[in-house]
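Heads up: the structure comes next, in structure tokens.
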Amino acid sequence: MQHHPEMQPKPAENVFRPALNQDPLFWCLYVMMNSTFKYEQLANRFTAEQDGKRDQIIMLREKGKALKQTTGIKFAASTIEGDIMSQRISLHTFQVLVHLNSLNAVFVNPVNRVHAEFISDAVSDKPVYIIERTNKQLTMTSATETQLTSIRATHYRIENLQKPIKSASSYTVAELTEMCHQLKIQLKPKMKKQELYDSVSKQLIL
């Protein structure tokens, strides 16, 4: 079957890379909410960041309790508030804020072959943003359905950011071996269960 060039999916036009000296996850959130264009038009990013973070804290105080009930995400509002006002928000705080603002994001670490999904609305046509970490640099793009399918097929999904892996007793040797295959971890002959578990644990880092 011939491939017609016009039928190929268009590359994502909006590629956003936050500067390393900024709060990268906050600015990814800002662009998800407002667009790259608005980010580029900002006269004073420092003021915009302080204002944006204050807005998030106000919203968290209003909707935080309801958010816990609807999403099941465990968090202490005071911890998240402190983290929002820090120099760099954590991935856990980003997860809370993505859901707080009814956005969709998939965070990927391609080196470790792991990903986490923060999907607030899977029903409407809201865009899903892929945020990829390579070393310290983050790159954010609008996802196509093909990209999402590919990530889900090739990257292990971390369900709980706070506890990426359960205790060793929760897994069988067969399950840990399967996880190693999915994570493309080289297996040595006759590896003990604890060795398999340690190999997997080391790689479940976003």
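The values are calculated or read from the model by the stated rules, or taken from the named source; none is laboratory data. Here the structure is a predicted model, which means the values were calculated and not measured. We place every Cβ from the backbone using ideal geometry, glycine too, and count neighbours over all the protein chains shown.
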For residue 117, which of the numbered conditions (1) part of a strand (DSSP E or B); (2) at positive phi; (3) charged (D, E, K, R) fails to hold? (2)
It is to be established whether one or more residues within the range 173-189 are in a loop (DSSP other than H, G, I, E, B), in contact with a Ser or Thr (Cβ under 9 Å, 6 or more places away or on another chain), hydrophobic (A, V, I, L, M, F, W, C) and free of Cβ contacts under 8 Å to residues at least 24 places away in the same chain. yes
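Condition (residue is closer than 28 Å to residue 34 by Cα and out of contact with any Asp or Glu (no Cβ under 9 Å at 6 or more places or on another chain)) applied to the range 166-180: is it met by at least one residue? Spell out how you get there, then give the answer.
Step one: list which residues in the range 166-180 are closer than 28 Å to residue 34 by Cα, which gives none.
Checked the range 166-180: no residue is closer than 28 Å to residue 34 by Cα and out of contact with any Asp or Glu (no Cβ under 9 Å at 6 or more places or on another chain).
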Among (1) assigned to a loop (DSSP other than H, G, I, E, B); (2) modelled with pLDDT under 95, residue 70 falls short only on (1)
Residue hits (the range 161-172; surrounded by 12 or more Cβ atoms within 10 Å (Cβ to Cβ) and either assigned to a loop (DSSP other than H, G, I, E, B) or of a type in the set (D, E, K, R) (or both)) are 161, 164, 165, 171
Any residue in the range 96-115 that is more than 15 Å from residue 134 (Cβ to Cβ) and of a type in the set (Asp, Glu) sitting within a Cβ distance under 7 Å of a residue that is at pLDDT below 95 and not in a loop (DSSP other than H, G, I, E, B)? List the pairs, counting only those 6 or more apart or interchain. none
Restricting attention to the range 128-142, the residues that are of a type outside the set (S, T, N, Q) and in contact (Cβ under 8 Å) with a residue 40 or more places away in the chain number exactly 6
Residue 153: passes all of (1) of a type in the set (A, V, I, L, M); (2) outside the structural domain of residue 71 (by TED's automatic domain parsing); (3) out of contact with any helix residue (DSSP H, G or I) (no Cβ under 7 Å at 6 or more places or on another chain) but (2)
